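Undergrad: My questions all concern the structure below.
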Amino acid sequence: DGAVRLPHDPTSAMQSRRMLKRGLGSFDLPQRVLDDALIVVSELVGNAVRHALALADGCIELVWRLADNRLEIEVADGGPDRERAARPLHAADEAGRGLYLVSALSEDVVVERQANRSRTRAVLTLR
């Protein structure tokens, strides 16, 4: 298990991959799970930086937990910078695929929103 605070900055996606890989390094995870987890954390952190405000301290929070044959990856931020309407995805779109990709790689994705905080949790199966 691990928790880190990262700057609300585009470089945090790369930092989150390194930290998660280091944090999971002592576990004997299948390579597929590790690869998927690194994509998921990068997308969740990238979305938090691009589409949300920072937490009160100017950061975003990354938490990961291993339990019951599952890996949970959670990113918290200061909530959306503005309300965004969901839009359909088109084959020619070059952006906007992050949560679709996270959903495809995860068993479950939960987004919780409060007044000044959003939390997105993805759950990956270790099998």
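The values are calculated or read from the model by the stated rules, or taken from the named source; none is laboratory data. Computed from a predicted model, the values in this text were never measured in an experiment. We place every Cβ from the backbone using ideal geometry, glycine too, and count neighbours over all the protein chains shown. Remember, those area values only see protein heavy atoms, side chains included, never the ligands or the DNA or RNA. Shrake-Rupley method; radii C 1.70, N 1.55, O 1.52, S 1.80 Å.
Undergrad: If you check every pair at least six apart or on different chains, which have Cβ atoms under 9 Å apart with a residue in region 38-51 that is under 13 Å from L101 (Cβ atoms) and in contact (Cβ under 8 Å) with a residue 12 or more places away in the chain first and a residue that is buried (at least 17 other Cβ atoms within 10 Å of the Cβ) and of a type in the set (F, W, Y) second?
TA: Between residues of region 38-51 that are under 13 Å from L101 (Cβ atoms) and in contact (Cβ under 8 Å) with a residue 12 or more places away in the chain and residues that are buried (at least 17 other Cβ atoms within 10 Å of the Cβ) and of a type in the set (F, W, Y), the close pairs are V41/W64.
Undergrad: Since L55 meets every condition but one in (1) open to solvent by 50 Å² or more (accessible area, probe 1.4 Å); (2) in a loop (DSSP other than H, G, I, E, B), which condition does it not meet?
TA: For L55, the failing item is (1).
Every residue, every condition in (1) within 14 Å of N47 (Cα to Cα); (2) modelled with pLDDT under 90; (3) assigned to a loop (DSSP other than H, G, I, E, B); (4) touching a Pro at 6+ places or on another chain (Cβ under 6 Å), yes or no:
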| site | (1), (2), (3), (4) |
| --- | --- |
| P88 | no, yes, yes, no |
| A91 | no, yes, yes, no |
| A95 | yes, yes, yes, no |
| V111 | yes, no, no, no |
| T120 | yes, no, no, no |
| V123 | no, no, no, no |
| R127 | no, yes, yes, no |
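Undergrad: Among the numbered conditions (1) exposed (fewer than 12 other Cβ atoms within 10 Å of the Cβ); (2) hydrophobic (A, V, I, L, M, F, W, C); (3) at pLDDT 95 or above, tell me where F27 comes up short.
TA: It fails just one condition, (3).
Undergrad: Residue by residue through region 20-40, note down the ones that are among the charged types (D, E, K, R) and under 15 Å from the mean Cα position of the chain (by Cα). Working first, answer last.
TA: Going residue by residue through region 20-40, those that are among the charged types (D, E, K, R) are 21-22, 28, 32, 35-36.
Within region 20-40, K21, D35, D36 meet the criteria.
Undergrad: For region 11-20, enumerate the residues that are free of Cβ contacts under 8 Å to residues at least 40 places away in the same chain and closer than 10 Å to V49 by Cβ.
TA: The initial filter retains those residues of region 11-20 that are free of Cβ contacts under 8 Å to residues at least 40 places away in the same chain, namely 11, 13-15, 17-18.
Hits for region 11-20 are T11, A13.
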